[in-house]
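Engineer: Below is a structure I'd like to ask you about.
Since every read-out is calculated from the coordinates, none of them should be taken as a lab result. All of these numbers come straight from a predicted model, not from anything done at the bench. All Cβ positions, even for glycine, are placed from backbone atoms using ideal geometry, and neighbour counts span all protein chains on display.
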Amino acid sequence: MVNCFQVLMIALLISISFFATAGKVVVRKTSEPFDAFAIRDQVQQDHQWQQMLKMQQQINILQALPNGCLLFAAPYRYFNCAGNSYRPYSYQNQEVFIQIDPPVAKQ
């Protein structure tokens, strides 16, 4: 018969094993040439590429609102689109939309 302590310990061991996973491990022979600086540079380039992709996704979101947005005038002009709030801004003679926290109504 399994008691609560045993179930708790099993759950704890399982959760710890999820956190104990390592990243990519590469094994190489010591006779093979190895350039740590080239690997560092590649990792930096990959990180920059990921950041550029994130920024591009944000720009696409900001340039147009989804269909079905409602305009609200108080406490300032903003749009509510399926639970997300956007505030219009003028940028380089274009109206863009910045996602904001939902405004709090004054009581």
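Engineer: Can you sort TYR86, TYR76 from fewest to most other Cβ atoms within 10 Å of each residue's own Cβ?
Structural biologist: If I rank by nearby Cβ atoms, fewest first, I get TYR76, TYR86.
Engineer: Sticking with this structure for a sec: Arrange the peptides 98-104, 77-83 so that the one whose residues have, on average, the most other Cβ atoms within 10 Å appears first.
Structural biologist: Working: 98-104: 11.1, 77-83: 13.1.
The most tightly packed comes first, giving 77-83, 98-104.
Engineer: Here's another thing I want to ask about it. Roughly what would the spin-label model give for ALA82 and ALA36, points 7 Å off Cα along C-beta, in nm?
Structural biologist: Using points 7 Å along Cα→Cβ, the separation is 4.8 nm.
Engineer: Provide the net charge surrounding ILE39, with neighbours chosen by a C-beta distance below 14 Å and charges set as Lys +1, Arg +1, Asp -1, Glu -1.
Structural biologist: On the way: positive: LYS24, ARG28, ARG40; negative: GLU32, ASP35, ASP41, ASP46.
Result for the local shell: -1.
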